[in-house]
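Trainee: Sharing a structure here in structure tokens format.
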Amino acid sequence: AQTVTQSQPEMSVQEAETVTLSCTYDTSESDYYLFWYKQPPSRQMILVIRQEAYKQQNATENRFSVNFQKAAKSFSLKISDSQLGDAAMYFCACLQYGNKLVFGAGTILRVKS
Amino acid sequence: EAGVAQSPRYKIIEKRQSVAFWCNPISGHATLYWYQQILGQGPKLLIQFQNNGVVDDSQLPKDRFSAERLKGVDSTLKIQPAKLEDSAVYLCASSLGQGYETQYFGPGTRLLVL
């Protein structure tokens, strides 16, 4: 069974600074995808970034980038130039074939002005 | 492109009552999911449909939960009778198909059972 672990229950960052959220996962599959989702207080789950496990290049979406270390089964999210609107719960998730998506417990990100 | 729609957004009921949630997926998405998210936890899959057939309902408490997806589009999730521990956010998601498709989520329905 696959598992996803987010070891940081809560993180804080100053506006305009950079923050990194950690995630480790465990899967026996050779093919899988990894995601970061953002969930603001409205509870809408918003896709932030997606990484294919077979790609060595780290995914980037504007201010969001990942550090994907396949051998270590690590998938961290870096947010650059943090904005007040980035404050939310962030979930790391692993997708196996058949659309089996498993989430971590989440990390609350607080952005200070 | 319209996103995943869910209703109602909020629901408060007493234990032992019944409740139903509705979901309309993104147009053209064959796969639909219902997740339960208890406060402080990540979402957990309850049931997955491919068109109007059930792919995975292994985590659905079938003694009280039921779900259907008539005509392979809209879906309803029902709880009868509700328990206190059913208080959670119920998220609906959809994807184009199976395999490694990205799932897109609706706004969720927040249920409080008193």
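Trainee: For the range B:88-114, name all the residues that are touching a residue at least 40 places away in the same chain (Cβ under 8 Å) and assigned to a loop (DSSP other than H, G, I, E, B).
Mentor: Residues satisfying the conditions are B:Leu96, B:Gly97, B:Gln98, B:Glu101, B:Gln103, B:Gly106, B:Pro107, B:Gly108, B:Leu114.
Trainee: Which one is farthest from B:Ile13 (Cα to Cα), of the residues in the range B:36-78 that are open to solvent by less than 50 Å² (accessible area, probe 1.4 Å) and of a type in the set (Ser, Thr, Tyr)?
Mentor: B:Ser75
Trainee: Here is a follow-up. Hey, does the range A:23-34 have a residue that's in contact (Cβ under 8 Å) with a residue 40 or more places away in the chain, open to solvent by less than 70 Å² (accessible area, probe 1.4 Å), part of a strand (DSSP E or B) and out of contact with any Cys (no Cβ under 8 Å at 6 or more places or on another chain)?
Mentor: The initial filter retains those residues of the range A:23-34 that are in contact (Cβ under 8 Å) with a residue 40 or more places away in the chain, namely A:23-27, A:29, A:31-34.
From what is left, the residues that are open to solvent by less than 70 Å² (accessible area, probe 1.4 Å) are A:23-25, A:27, A:32-34.
Then keep just the ones that are part of a strand (DSSP E or B); that gives A:24-25, A:33-34.
Those left that are additionally out of contact with any Cys (no Cβ under 8 Å at 6 or more places or on another chain): A:24.
Scanning the range A:23-34, I find at least one residue that is in contact (Cβ under 8 Å) with a residue 40 or more places away in the chain, open to solvent by less than 70 Å² (accessible area, probe 1.4 Å), part of a strand (DSSP E or B) and out of contact with any Cys (no Cβ under 8 Å at 6 or more places or on another chain), so the answer is yes.
Trainee: So is B:Val89 in contact with a strand residue (DSSP E or B) (Cβ under 8 Å, 6 or more places away or on another chain), hydrophobic (A, V, I, L, M, F, W, C) and over 17 Å from B:Lys11 (Cβ atoms) or not?
Mentor: Judged against the criteria, B:Val89 is not a match.
Trainee: Related question: If I ask for residues that are at pLDDT 95 or above, closer than 27 Å to B:Tyr100 by Cα and open to solvent by 20 Å² or more (accessible area, probe 1.4 Å), which ones from the range B:14-28 would you list?
Mentor: B:Trp22, B:Asn24 - these are the residues of the range B:14-28 that are at pLDDT 95 or above, closer than 27 Å to B:Tyr100 by Cα and open to solvent by 20 Å² or more (accessible area, probe 1.4 Å).
Trainee: In the range A:43-60, how many residues are part of a loop (DSSP other than H, G, I, E, B), surrounded by 15 or more Cβ atoms within 10 Å (Cβ to Cβ) and within 11 Å of another protein chain (Cβ to nearest Cβ)? Talk me through it step by step, then tell me what you get.
Mentor: Our first condition is that a residue be part of a loop (DSSP other than H, G, I, E, B); within the range A:43-60, this holds for A:43-45, A:53-59.
Still in the running and surrounded by 15 or more Cβ atoms within 10 Å (Cβ to Cβ): A:43-45, A:53, A:58-59.
Filter once more, keeping what is within 11 Å of another protein chain (Cβ to nearest Cβ): A:43-45, A:53.
Number satisfying all stated conditions: 4.
Trainee: Can I ask one more? Out of (1) open to solvent by 10 Å² or more (accessible area, probe 1.4 Å); (2) closer than 24 Å to A:Gln96 by Cα; (3) part of a loop (DSSP other than H, G, I, E, B), what's the single condition that is false for B:Pro81?
Mentor: All conditions are met except number (2).
Trainee: Something else: Take residues that are in contact with a Lys or Arg (Cβ under 7 Å, 6 or more places away or on another chain) and tell me which of the strands (runs of 3 or more DSSP E) falling wholly in the range B:2-67 contain 2 or more.
Mentor: In the range B:2-67, B:19-24, B:31-37 are the strands (runs of 3 or more DSSP E) which contain 2 or more residues that are in contact with a Lys or Arg (Cβ under 7 Å, 6 or more places away or on another chain).
Trainee: Also, I was wondering about something else. Restricting attention to strands (runs of 3 or more DSSP E) lying wholly within the range A:61-103, give those where 1 or more residues are among the β-branched types (Val, Ile, Thr).
Mentor: A:64-69, A:74-79, A:100-103
The values are calculated or read from the model by the stated rules, or taken from the named source; none is laboratory data. Here the structure is a predicted model, which is why all the values come from computation and not from measurement. Quick reminder, even Gly has a Cβ in these numbers, built from the backbone with ideal geometry, and neighbours come from all protein chains shown. Just the protein is used for accessible areas: all its heavy atoms, side chains included, with ligands, DNA and RNA removed. Shrake-Rupley method; radii C 1.70, N 1.55, O 1.52, S 1.80 Å.
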